[in-house]
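Read the structure below first, then the notes.
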Amino acid sequence: MILVLDKGHGGKDPGACGNGLEEANLTDDICNRIAAKLVPYDVQVKFAPRSDSLNERAAFANDLGADYFCSIHINAGGGTGFESYVHTDAGDDTERIRTMLHSTIYSGFLAGQGVVDRGKKRANFAVLRETEMPAVLLENLFIDTAADAEKLKDSSFLDGLANEIAYGLVVALGLQKKAITVTGAITIRVAGKVLEGKEIDDLTWAPVRALAEALGKTVSWDEATRTVNVI
Ligand SMILES: [Zn+2]
């Protein structure tokens, strides 16, 4: 499964600006957060090139043979709220995925933030027209509306939005958690002591207390922050 995230604008084009914000910075931030939240899932996330050519973004996804294309934007022009777009001639599958994505993002997060639902729309946007796989374009609030911009300045809002977009993609695309491969026991020798470790997904894991104490360190555990301190 290959998912292409389009950060919208970028390069020489900052996108819409207002209230001290630039669209390209916000979409960069949101897309990076979405990608980070999808790491545990069995999906390859690729960012479309931030070139001035919208066709290049679509061609990038087409050349990869991507399964889904998701373009992230911030709206402008006076107004408020969230809306989603598929292409004017989108087929049933594209519409089905969009509907699940839209309703998950809206009811799972935006409704509780007092954001207006502007609805599920269709348009002849280049990235929706030129992509050969199901594609969606999300317009996330208005950069030039003060109340929307206040939300967009709040990193916990951006994180909640990205979290719900990622969750919507998991649900709508049926993404599965990556299988963890535990290959088996590994013997670890530390300063003459023998510890037993494990190989999990090509990484060697060792019990931290035994390892640190074998190296003469002091180990403590902070339950509140679930942090191991090695001194
Ligand atoms: Zn835009």
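Against the condition over 26 Å from residue 4 (Cβ atoms) and modelled with pLDDT of 90 or more, how does residue 186 come out, does it pass? Show your work before the answer.
On the way: over 26 Å from residue 4 (Cβ atoms): yes; modelled with pLDDT of 90 or more: yes.
Answer is yes for this residue.
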Review point. Just for region 5-28: of the residues that are closer than 27 Å to residue 174 by Cβ and in contact with an Asp or Glu (Cβ under 9 Å, 6 or more places away or on another chain), which one is nearest to the ligand (Cβ to nearest atom)?
Key: 8
Point to revise | Matching entry among 50, 33 (being within 16 Å of the ligand (Cβ to nearest atom) and among the basic types (Lys, Arg)) | key: 50
Exercise for review: Select from region 82-95 the residues that are under 20 Å from the mean Cα position of the chain (by Cα) and either free of Cβ contacts under 8 Å to residues at least 40 places away in the same chain or not in a helix (DSSP H, G or I) (or both) and list them in ascending order.
Suggested key: 82, 83, 84, 85, 86
Exercise for review: Give just the number: which of (1) within 24 Å of residue 19 (Cα to Cα); (2) free of Cβ contacts under 8 Å to residues at least 60 places away in the same chain does residue 144 not satisfy?
Suggested key: (2)
Point to revise | Candidate set: region 1-57, residues that are in contact with a Cys (Cβ under 8 Å, 6 or more places away or on another chain) and in a strand (DSSP E or B); chosen: the one surrounded by the fewest Cβ atoms within 10 Å (Cβ to Cβ) | key: 47
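Give the number of residues within region 37-47 that are of a type in the set (A, V, I, L, M, F, W, C) and free of Cβ contacts under 8 Å to residues at least 60 places away in the same chain.
Filtering region 37-47 for residues of a type in the set (A, V, I, L, M, F, W, C) gives 38-39, 43, 45, 47.
Those still in the list that are free of Cβ contacts under 8 Å to residues at least 60 places away in the same chain too: 39, 45, 47.
Going through region 37-47 one residue at a time, the tally reaches 3.
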Revision key, fill the gap. Note on region 182-197: residues surrounded by 11 or more Cβ atoms within 10 Å (Cβ to Cβ) and either within 24 Å of residue 231 (Cα to Cα) or in contact with a helix residue (DSSP H, G or I) (Cβ under 6 Å, 6 or more places away or on another chain) (or both) are 188, 190, 193, 195, 196, 197
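The values are calculated or read from the model by the stated rules, or taken from the named source; none is laboratory data. What you see is a predicted model, and the numbers here were worked out from it, not measured in a lab. Cβ atoms come from the backbone with ideal geometry, glycine included; neighbour counts cover every protein chain shown.
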